[in-house]
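Single-structure report; data block below.
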Amino acid sequence: QVQLVESGGGLVQPGGSLKLSCAASGTGSIFSRYALAWYRQAPGQQREWVARISNIGDTTYGDFVKGRFAISKDNAKNMMYLQMNSLKPEDTAVYYCSVPGRGYWGQGTQVTVSS
């Protein structure tokens, strides 16, 4: 049974930073075999893709990121991260980590950007 658990969310002022973490258990070497991704869902909106990292470490980002976020992973630790800088109120959402190719999702962590 694969479990993904996000952490690191919270309340931050506009312009601030947060680093989200995603810990995987029961996966074996899944982080080294599959692409991983972060998604987010704001209240009343559809879930949207934020960032993706391939099994070999290539990264891509949603257009709205504009160089503010960085996705990374540590295969040995079965950990994935999302460093978020220059946060804006419109980044407020629940952030989810995922192994899209396997249909695995975490429960999400709330990020609120507000003064």
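The values are calculated or read from the model by the stated rules, or taken from the named source; none is laboratory data. Keep in mind the model is a prediction, meaning the values are calculated, not measured. Cβ atoms come from the backbone with ideal geometry, glycine included; neighbour counts cover every protein chain shown. Remember, those area values only see protein heavy atoms, side chains included, never the ligands or the DNA or RNA. Shrake-Rupley method; radii C 1.70, N 1.55, O 1.52, S 1.80 Å.
Some observations on this one:
- Dipole of the chain [Lys/Arg +1, Asp/Glu -1 at C-beta], most positive-end residue of S25, A51, V111: S25
- Protein accessible area in the chain, 1.4 Å probe - carbon and sulfur %: 46
- Around the Cα centre of the chain, unit charges on the Cβ atoms of Lys, Arg, Asp and Glu (plus for the first two, minus for the last two) sum to a dipole of about 160 debye.
- Accessible area per residue for the chain is 52 Å², calculated with a 1.4 Å probe on protein heavy atoms, without ligands, DNA or RNA.
- Note on K66: lysines with a C-alpha under 16 Å away, same-chain residues under 8 apart excluded, are K88.
- Eligible lysines near K77 by straight Cα distance, threshold 24 Å, same-chain separation 8 or greater: K19
- Once the C-beta distance of T59 and L11 is scaled by a Förster radius of 30 Å, the resulting FRET efficiency is 0.65 to the nearest 0.05.
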